[in-house]
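The values are calculated or read from the model by the stated rules, or taken from the named source; none is laboratory data. What you see is a predicted model; the values in this text were computed from it and never measured. Positions of Cβ are generated from backbone atoms using ideal geometry, with glycine treated the same way; all protein chains shown enter the neighbour counts.
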Amino acid sequence: MYYNRAITLMPYAVEAKMGIVYPLAALGNMTEVIAQYEKILEITPNYSIPLFRLGLIYYEKGDYDRALKYFDKVVNMWPFDYDALVMLGWTYFRLNNVREARVLFQKALLHTPDGKSALEGLSLLK
């Protein structure tokens, strides 16, 4: 109720929109979570947190093409972010783009040499 009131009072404020996604996600209302993240991106199109989280949502749904769009943007803004590199790598892996997946997993290991997810991805590519 309070988040909705804050959003109504200040529709361009991102803070309340970011705050409301936690209870919405806890309630399993992913449609509204996606809508809130998209509204945030209309206001701040390069905000990496909603970009990354939308990528995760679409990845979990198996919509790898859509996930790719979000993860790619995060990696282009933050080229050595381990989590973004790994998720982009896994997305390319799911899209059967082995070359790109390998490059991304290797790049992630430059940042975190013992990164389990990147090591697992590379092991599956051999």
Next on the checklist: With the requirement that a residue be closer than 20 Å to residue 125 by Cα and either aliphatic (A, V, I, L, M) or within 10 Å of the chain's Cα centre (by Cα) (or both), what does segment 54-65 give you?
Outcome noted: 59
Checklist entry - Out of (1) surrounded by fewer than 22 Cβ atoms within 10 Å (Cβ to Cβ); (2) not assigned by TED's automatic domain parsing to the domain that holds residue 15, the odd one out for residue 70 is which? => result (1)
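Every residue, every condition in (1) within 13 Å of the chain's Cα centre (by Cα); (2) modelled with pLDDT of 95 or more; (3) not polar (S, T, N, Q), yes or no:
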position: 8; (1), (2), (3): no, no, no
position: 48; (1), (2), (3): yes, yes, no
position: 52; (1), (2), (3): yes, yes, yes
position: 67; (1), (2), (3): yes, yes, yes
position: 71; (1), (2), (3): yes, yes, yes
position: 76; (1), (2), (3): yes, yes, no
position: 87; (1), (2), (3): yes, yes, yes
position: 94; (1), (2), (3): no, yes, yes
Checklist outcome for this item: Of (1) surrounded by 22 or more Cβ atoms within 10 Å (Cβ to Cβ); (2) free of Cβ contacts under 8 Å to residues at least 12 places away in the same chain, residue 87 satisfies every one except (2)
Checklist entry - Is it the case that segment 41-62 has a residue that's in contact (Cβ under 8 Å) with a residue 12 or more places away in the chain, in contact with a Leu (Cβ under 8 Å, 6 or more places away or on another chain) and exposed (fewer than 15 other Cβ atoms within 10 Å of the Cβ)? => result no
